[in-house]
Amino acid sequence: MTTHQALHKYFGYNGFRHEQEAIINNIIQQKDTLVLMPTGGGKSICYQLPAVMFDGLTVVISPLIALMKDQVDALNINGIKAAFFNSSQNDNEQQQLIQQLRNNQIKLLYLAPERLFSSESRLIDFLKTLQVSLIAIDEAHCISHWGHDFRPEYLMLAGLKIAFPNIPVIALTATADKITRQDILDKLNLHNPAIFISSFDRHNINYRVAPKKKSFDQLLRFLDEHRDDSGIIYCLSRQSTENLAADLVQQGYAARAYHAGLDRATKDKNQEAFLRDEVKIIVATIAFGMGINKSNVRYVVHMDLPKNIEGYYQETGRAGRDGLPSQALLFFSQGDAEKLKRFARVEGNEEQSRIMLKKLDDMVRFCQLQTCRRQFLLRYFDEQAPADCGACDVCLSDIEKIDGTIIAQKLFSAIARLNESFGMTYVIDFLRGSQSEKIRDAHKQLKTYGIGADISKAEWQQYIRELMAQDYLQSEGDPYPVLKLLPKASLVLKGQQQVLLTKTQVLHERETPQFAPPYEAGLLSELKRVRMNIAMNEDVPAYIILSDATLLEMATYLPQNKAELRQISGFGDVKLERYGAQFEAAVVDYCKQFNLTSRISQKSPKRERKVKAPRSNGTQSESLTLFKAGLSIAEIAATRNLSPMTIEAHLSNFVKTGEIDVSELVDPAKIPAIKDAIESYGAERLAPLKEVLGDDYSYAEIKAVTAWLEGMKTTP
Ligand code: ADP
Ligand code: ZN
């Protein structure tokens, strides 16, 4: 059986995702492997599929019982024999399991790491007597104290390679920066491992950060739009989870709290209720979620600031595992940041404190971004990303920010030259080099006269108002107000501070993410009812029977018989056999009632889509097109009614991606000097570079070389 056939037969999927196929092939060749894939990316298949193809047993190490139970249920429902050792089993049950293992009747065995080596059970010695084909280590970052979720018991796993020197090991994690990654490899002693890093982009998750003001009201408004959806709401403290859950219940929502301080029974009960869609909302500390496989979580809300990007990304990653559009909403306040800072220090460990504070700092930066949040997240995980994802709050807002440093510098120096004694209209006319007699002759001799001619009057007015709002300027005096500089402005003039300005008019239509064609909503609810019945009979959560995505496909393509049902993603052999008839009947009934027929022919047997190529936004591409057509920067600026600076910024982006050669923008003879200057002074601030390089070098040229160097850094 090929891997594709196995994927279809056991899991009902038509194609591999991300790098699943390469990973699986690598394992089948018995090689050690490290897999980095985002939550919901599809890590499980990477060892579950080899497990069914290998003759012997696959041992899966996983930190949480809840996760194991879920996975074991899901595997058994797909007709794959899986089991786990657990303290709630009695002797009899354990003996039975041991017998099944001896008889090679189990394909996957799930274990917590401490069980493996604990002195009383010495499970490792027993496992050595079995035919073990593969060892999988889930949540592998737990082995590293550089990561954000260090678990000392994971350190014992170093012993695995000694006990099983010739058995391939696959380590999997959803979050690992470079140091953690290396640490995993070192600590586990992997032999010559292949490393697979998938795109961390969760394209179906929409990221949003809102100011933490009246957050409860904001939350209610948000929840109102998600009445039928399941979601997780994270709070920092145990107490606040209970309070918020109670408040939500008051408002008529089925919500439950979850935190490590609750007794086992309550925790299990609340978690089960959530998994089984009996309650829609779980209000939890971060103790909740690891090991939650629920695929139809539609939103994740953070009421408080997370401690680091890793945690935030993992928590938000619990939304939308089924690939359907999902929301991540975070409420941010500076106060939260200060509070966490006090907790971030690890007593007596300077190094560790430094790491934690740095991670917190990155988290705060994320909240304060004026640029694409997805890009920031992906770059955090060392991945390239386009500047505009079209699906985060920054990209979706009509506000486009531009680097306004030079604009502000021009304005501020003009105001200074005019001794802070003139009003807005005069300053603008002066900047634009107006020939009007109103401008004094002495002023026409100044160097700053006319330096802002490339920007329209209306644009200048808008920039000035915005710079006032940002406290760089004020307008003072009555009845003839004049523009005065505030202290912050001098930092900009010295090139020590960057200024962001708003570009108001939206110049391009945004692509909204396209998902499935229209579906039959009535049928979808019917299918959910069928699924719920089956789940209750089988005593498992509904999503283990079939995912929402599978139901949605059925409600879209209306399969009329077994063969058509087989083409729906998510129906493996066993599920088709066990439950196919019930779903088929529901679809056929519905179609009869509404006089519909099958639409299965519209379903293209396409593979899951690959990682998106970085894409730039429309306004940038437009500049590129004109540039490629031979127009100069000034001409493009004039044609598009944008400032030359904006065009330079657009084109620089393409220098970075390699679509424009740097020599198209900069005389090649000048490149070495600019490169030298950047290497000596850094590229963060342009003004000092310009000063060093002198008048022969323009800002545009410096920017282009900077972009070119950045592009070389990021492409391997
Ligand atoms: P992870 O462990 O990486 O968080 P999972 O292994 O739980 O993710 O997979 C997330 C979801 O994606 C599951 O519902 C899984 O069944 C589904 N899935 C995984 N691989 C595929 C695939 N090749 N095609 C369709 N769905 C898949
Ligand atoms: Zn974005």
Worksheet entry | Alpha-carbon radius of gyration plus Dmax, which is the widest Cα pair, for segment 153-290 in Å | 20.2, 58
Worksheet item: If you count, for each residue, the other Cβ atoms within 10 Å and average over each peptide, how do 387-397, 698-708, 182-192 line up from highest to lowest?
Response: 698-708, 387-397, 182-192
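What per residue convex hull volume, in Å³, comes out for segment 3-197 when only alpha-carbon positions are used? Kindly include the intermediate steps, with their values, before the conclusion.
Working: hull volume 21.8 nm³, N = 195.
Dividing the Cα hull volume of segment 3-197 by its residues yields 112 Å³.
Sorted by packing (mean other beta-carbon atoms within 10 Å per residue), highest first, where do 21-27, 456-462, 691-697, 346-352 land?
Result, highest mean Cβ count within 10 Å first: 21-27, 456-462, 691-697, 346-352.
Using only alpha carbons, build the gyration tensor for segment 5-120 and give me the equivalent ellipsoid semi-axes, biggest first, whole Å. Kindly include the intermediate steps, with their values, before the conclusion.
Working: eigenvalues 129, 49, 39 Å².
Result for segment 5-120: semi-axes of 25, 16, 14 Å.
Could you tell me whether segment 395-468 comes out rounded, prolate or oblate from its Cα gyration tensor? Rule is a ≥ b ≥ c as square roots of the eigenvalues, rounded for a/c under 1.5, then prolate if a/b exceeds b/c, otherwise oblate.
Verdict is prolate for segment 395-468.
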Worksheet item: Among residues other than V279 whose Cβ falls under 11 Å from its Cβ, what is the net charge (Lys/Arg +1, Asp/Glu -1)?
Response: +1
Worksheet item: Any idea what angle helix 699-714 forms with the longest principal axis of the chain, computed on alpha-carbon atoms, 0 to 90 degrees, nearest 10?
Response: 20
Item to complete: Measure nothing but the geometry: give the 0 to 90° angle between the long axis through the Cα atoms of 238-250 and the longest principal axis through the Cα atoms of the chain, rounded to 10°.
Response: 90
Fill in: Ordering of 643-654, 309-320 by packing [mean C-beta count within 10 Å, highest first]
309-320, 643-654
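Go ahead and estimate [θ] at 222 nm for the chain from helices alone: -39,500 (n - 2.57) per DSSP H run with n ≥ 4, summed, over the residue count, rounded to 500. Please report the intermediate quantities before stating the final value.
On the way: 33 runs with 329 residues, N = 716.
One gets -13500 deg cm²/dmol as the mean residue ellipticity at 222 nm.
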Worksheet, complete the sentence: If each part is reduced to its alpha-carbon centroid, segment 6-21 and segment 167-236 end up apart, in Å, by 23
Discussion item. Show me, bin by bin at 10 Å from 0, the whole-percent P(r) of segment 205-396 based on Cα pairs.
Written reply: 9, 36, 36, 17, 2
Discussion item. At 25 °C and a viscosity of 0.890 mPa s, what translational diffusion coefficient does Stokes-Einstein give for the chain, taking Rh as the Kirkwood radius over Cα pairs? Give it in µm²/s as a whole number.
Written reply: 85
Response to the item:
segment 241-336, Kirkwood Rh and Cα Rg, ratio Rg/Rh at 0.94
Practice prompt. Towards the positive end of the charge dipole of the chain, with charges on Cβ (+1 Lys, Arg; -1 Asp, Glu), say which of Q29, P541, A163 has the farthest Cα.
Written response: P541
Worksheet item: To the nearest whole percent, what portion of all C-alpha pairs in segment 521-603 is separated by more than 23 angstrom?
Response: 12
Worksheet item: If one takes the longest principal axis of the Cα atoms in the chain, at what angle in degrees, from 0 to 90 and to the nearest 10, does the Cα axis of helix 350-367 lie?
Response: 70
Worksheet item: What shape does segment 606-713 take by its C-alpha gyration tensor, where a ≥ b ≥ c are the square roots of the eigenvalues and a/c under 1.5 counts as rounded, a/b above b/c as prolate, and the rest as oblate?
Response: oblate
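Bear in mind that the values in this text are calculations on the coordinates, not laboratory data. The model shown is predicted, which means the values in this text are computed figures rather than measured ones. Don't worry about glycine lacking a Cβ; one is built from the backbone with ideal geometry, like all the others, and counts go over all protein chains shown.
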